[in-house]
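Colleague: A single structure is presented below for examination.
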Amino acid sequence: MTQTFTSTQNDVIRYLYNETSNQENSFIEEALLFDKDLLDFYLDCADLKTGLDKIELTPSNSAVERILDYSRNYEPKI
């Protein structure tokens with residue numbers, strides 16, 4: 001059974017995250033050359049991915065300090 005490849009937005013996202021095969025890459029790259037809407041979607045997703053990669057995953061020092069201050073002053077109500 002031969003699988004038919006269709007360039008979709010999901011395929012473009014997989015392409016951005018290097019989750020596509022070499023054959024799929026060729027089809028997607030060709031589709032991007034000839035489909036302006038798909039290219040616009042790709043460029044928007046690439047910008048979003050760049051922004052997501054810059055997200056800081058650690059709390060700020062002030063947030064940690066507020067949590068520690070709360071913990072130091074916490075008195076259980078029994």
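The values are calculated or read from the model by the stated rules, or taken from the named source; none is laboratory data. Model, not experiment: these values are computed from the prediction. Note: accessible area is taken over every heavy atom of the protein model, side chains too, but ligands, DNA and RNA are not part of it. Shrake-Rupley method; radii C 1.70, N 1.55, O 1.52, S 1.80 Å.
Colleague: Could you compute how fast the chain diffuses translationally, taking Rh as the Kirkwood radius over C-alpha pairs and applying Stokes-Einstein at 25 °C with viscosity 0.890 mPa s? Give it in µm² per second.
Modeller: 151 µm²/s
Colleague: Under a 1.4 angstrom probe, counting protein chains only, how are 27, 41 ranked by accessible area, largest first?
Modeller: Most to least solvent-accessible, the answer reads 27, 41.
Colleague: Got the relative contact order for the chain handy, in percent, Cα pairs under 8 Å and 6 or more residues apart?
Modeller: Relative contact order of the chain: 24 percent.
Colleague: Sticking with this structure for a sec: For the chain, give the percent of accessible area contributed by carbon and sulfur heavy atoms, probe 1.4 Å, rounded to a whole number. If you can, show how the numbers build up before the last one.
Modeller: On the way: 3700 of 6950 Å².
That fraction is 53 percent.
Colleague: Run lengths n ≥ 4 of DSSP H only: what is the helix-derived mean residue ellipticity at 222 nm for the chain, with -39500 (n - 2.57) per run over all residues, to the nearest 500?
Modeller: Counting only the DSSP helices, I get -21000 deg cm²/dmol.
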